Amino acid sequence: MVDPRRTSSAQWAERWLGLNVGSDIALANAVAREILAAGLQNREFIENATSGFEEFRAHVQKYTLEHAEKTCGVPAETIRELAHGYARAGRAQICWTLGITEHRNGVDNVLALINLALLTGHVGRYGSGLNPLRGQNNVQGGGDMGALPDRLPGFQHVENDELRGKFERAWGVKIPAQRGWHLSGMFDAMERGQLKALYVIGENPAHSESDQHRTQKLLEGLDILVVQDTLMTRTAEMAEVVFPAAAGWCESDGTVTNSERRVQRVRKALAPPAGVRDDIEILCALARAMGKDLGQPSAEELWNELRALSPMHAGMSYARLANAQGLQWPCYDETHPGEQYLHGRLWERPVIGPLAPFSCVEDVPPADALDEEYPVRLTTGRRLDSYNTGVQSSRYASPGRREETLDISAEDGKAWGVVEGERVRVLSRRGAVEAPVRFDAGLRAGLAFLTFHFPEQVATNELTVDAVDPKSGTSEFKATAVRIEKISGAAKG
Amino acid sequence: MSVQKAPDLKNPLPRGPLPVFPPERMAKTIEITLDGRKVTVAEGTTLLEAARSAGIDTPTLCFLETLTPVNVCRICVVEVEGSRALVPACSRKAEAGMAVRTDSERVRLSRRLVLELLASSVDVSTAPQIQEYMRRYGAKPERFGAAGHAETVAQPVKIDNELYVRDYAKCILCYKCVEACGVDAQNTFAIAVAGRGFGARISTEYNVPLPDSACVYCGNCIGVCPTGALMFRSEHGMRKAGDWDETRQTRTDTICPYCGVGCTLTVHTQDEKIVKVTSPLEQPITRGNLCIKGRFGWEWINQK
């Protein structure tokens, strides 16, 4: 388990590597170097299935165990054990989530992990692989359906003329031939005055985006904001037009795709309240009002249209999805079983398709640097009984739920003269919030933790930095420099 | 070696081979006699599995496919030729040449006695499975004393949190909740069996209320409880008010709205309200297990 916090999962791990926030590449490159130094790489796989190995080997030479120990704060011996254990395992997976991706170099973090799988051949085989754990029930499905700036449904690239042409013929419209903006790019475009109208479906960016002051100012500056959601979120409160929508999981029919690419059916169990309509109905009514009649398609009819256009979904009829309890894409036809793991092509000799490239990525510290004024590293995350900005999860009673707390180590509490339960002010370079302190034995000195589940209580994203990974458009939610002040007295810590 | 550029993401990757799975270990098969019939089963098969695959309905209370057998309820006992005592079918493995009787008079008597002992001391009013077994075996719990005379486990229901109640007057000590809270599912270890003999009971550490215990409110204990001793607070309240009516309820399978695991939720609705959420054991992803959000995090739907 590699995590700056000793989480409850870490307590179950055989080893816990409590690395410094944002030092993931220093760790991964050191693991790679150690695997090579010990001769534990999979030579056959590297030779036949990968490219760029020699350059990579030279690149990681400077990432010694000693360097990693210094940068990551993890003992060199523990990193060595990790490298040997991973390389020698019969099957090994690397699972990660937002601690890897919510950094200004999140894509590079992922590439550094991919390097390890390529070095050892722990990819494309049963029980091995690279596994980004999805945090939301349909964030994978959103991508599957083309809710990405450069992709059409089925991950078909919009800048590929042949693929785009297929959709243009099916839909009878011209599709812009260049990719659009991702989420943070859209906010930058608002700042430049290029984006003036925004239609938000099922998201609460006023609370979920980093640097909340800036986000809300930009949303307020739009000519028109339209929000379609099941509940009156903070973003919906700011909107000129709100479309009340049925809850996708129990008032509506359709599909979602989970973390293992399994497409599953969601079914309507309840009628939505009066005046609340299904997402499809809202979109079609809006199209009609704008002069285009899309009819009144059912969820299954739309799904079948998708199957006709997206080869990876072609074999997934509603009947099969129900009988098989979901199918994992790609599923090319109605006799195809779906695929439990990907990239098996890398084990064909010769490899089918392009070789898998090693990537030479460098360790880059978080954008929001620690200094004398802001000496504490704040990282953000979730707690078990709550979820994101709390739109759904704050509306049920959870016996274990506490009000939001600033979690710190007891050592820091002692050093700063604060006690548990005491309200303190947390200041970053962008904003300040107040929260009561809780001591968490899973945190060490210099590390603090907040969630963004209770934005009305503690607006955590007023603190976070909008430094963005240019490759993914994701903000560095995981690394904010803060200072903790006693509310009653002078600045401490 | 020349450095090759990254694959062009604008072009789809070609189709690869289908995933390959490790070969299933071929178990040796053995022959046993079940109620006079020759049956061939794989080595390692339990007598319960053998009986069920032969279409013989063997009753169980403490057994569940997803839990390790603990052999405590003794309702599944069968007679093995040459064995002095009856054996629990849920955990006894079939052996070559074994002759098993699943419904002999001795078996029926033993099952009837177990049911009578349980029903004379425990409130089985919300345990339809036990009631069905009692009819099947002609159990007469009143043999052990009319109501009010036999010793019982009657006690006040524990309502110490917003999500579920513990009514140990209905507990048959099958251990399923303990197993689901422990290594068989949740690894939380909030509850265990305390006390001995008739005083044995399910308890949190030092018998503290749930909110002070290690409980994380996954409700996986409710999911496995065969008697309704563990019950959603919503269901408990509706039953008390006389509003609980399963004939007016609909069950719909859908997917949890929270994280990316994709657990199946069976949503139980009555009069256009969600009254509880369960998850099917056959579901391949978490085999009936949920977390607090999936099992209880739907209250906002009813508030609208």
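Every number in this text was worked out from the coordinates using simple rules, so none of it is lab data. On a predicted model such as this, the values are computed, not experimentally measured, just so you know. A quick note on method: Cβ atoms are made from the backbone with ideal geometry, for glycine too, and the neighbour counts reach across all protein chains shown.
Here are the numbers:
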read-out	value
Cα centroid separation - region A:220-292 against region B:19-33, whole Å	49
Chain A, relative contact order in percent, only Cα pairs under 8 angstrom and at least six apart counted	17
Region A:105-176 versus region A:424-489: alpha-carbon centroid distance in Å	31
Directionally averaged projected area (convex hull, Cα atoms, the protein assembly as shown), nm²	39.6
Distance between region B:61-126 and region A:369-385 - C-alpha centres, whole angstrom	57
Highest to lowest packing among A:424-434, B:221-231, scored as the average C-beta count within 10 Å	B:221-231, A:424-434
Other protein chain Cβ atoms within 10 Å, averaged over every residue that makes up B:248-255	6
Shielding by other protein chains, B:264-276, mean Cβ within 10 Å	2
Region A:177-255, Cα convex hull volume normalised per residue, Å³	118
For A:Thr255, B:Thr40, B:Thr252, order by how many other beta-carbon atoms lie within 10 Å, fewest first	B:Thr40, B:Thr252, A:Thr255
Relative packing of peptides B:46-52, A:130-136 - highest average C-beta neighbours within 10 Å first	B:46-52, A:130-136
Cross-link table B:Lys140/B:Lys276; B:Lys28/B:Lys170; A:Lys196/B:Lys293; A:Lys166/A:Lys471, entries beyond 31 Å C-alpha to C-alpha	B:Lys140/B:Lys276; B:Lys28/B:Lys170; A:Lys196/B:Lys293
Placed amide H near B:Trp244: partners under 5 Å, 5+ positions off or other chain	B:Arg239
Estimated FRET transfer efficiency (A:Glu300, A:Glu411; beta-carbon r; R0 56 Å; 0.05)	0.45
For B:Lys38, A:Lys471, B:Lys276, order by how many other beta-carbon atoms lie within 10 Å, fewest first	B:Lys38, A:Lys471, B:Lys276
Region B:237-304 - convex hull of alpha carbons, volume per residue in Å³	97
Residue-wise HN-Hα coupling along region B:21-30, computed from phi with Karplus coefficients 6.51, -1.76, 1.60 (Hz; x: Gly, Pro)	10, x, x, 5, 5, 7, 7, 5, 9, 10
Over region A:139-328, relative contact order from alpha-carbon pairs under 8 Å, at least 6 apart, %	16
Segments A:348-361, A:400-413 sorted - mean Cβ within 10 Å per residue, highest first	A:400-413, A:348-361
Partner chain coverage, peptide A:325-337 - average Cβ within 10 angstrom	2
Where Rh is the Kirkwood radius over Cα pairs, Rg/Rh for region A:376-486	0.97
Built amide H within the under 5 Å cut-off of A:Val424, gap 5+	A:Ala435, A:Val437
Virtual spin-label span in nm between B:Val193 and B:Gln249, 7 Å along Cα→Cβ	2.8
Normalised per residue, the volume of the convex hull around the Cα set of region A:225-317 (Å³)	131
Stokes-Einstein translational diffusion, region A:246-379 - Kirkwood Rh over all Cα pairs, 1.002 mPa s, 20 °C, in µm²/s	112
Kirkwood estimate for region B:149-240, i.e. one over the average of 1/r between Cα atoms, Å	13.5
10 Å-binned pair-distance histogram of chain B (Cα, whole percent)	5, 21, 28, 23, 13, 5, 3, 1, 0
Karplus 3J(HN,Hα) series, Hz, for region B:52-62 with 6.51 cos²θ - 1.76 cosθ + 1.60 (x for Gly, Pro)	5, 6, 8, x, 9, 7, 9, x, 9, 10, 8
Long-range Cα-Cα pairs in region A:8-133 (distance over 23 Å), rounded percent	26
Share of alpha-carbon pairs per 10 Å distance bin for region A:139-328, given as whole %	8, 29, 38, 22, 2, 0
Rel. contact order, % - alpha carbon contacts under 8 angstrom, at least six apart, region B:29-103	41
Fully extended contour minus Cα-Cα distance, from B:Glu205 to B:Ala150, at 0.36 nm per residue	16.9 nm
Kyte-Doolittle mean at least -0.5, axial Cα span of 15 Å or more - DSSP H helices of chain B	B:105-121
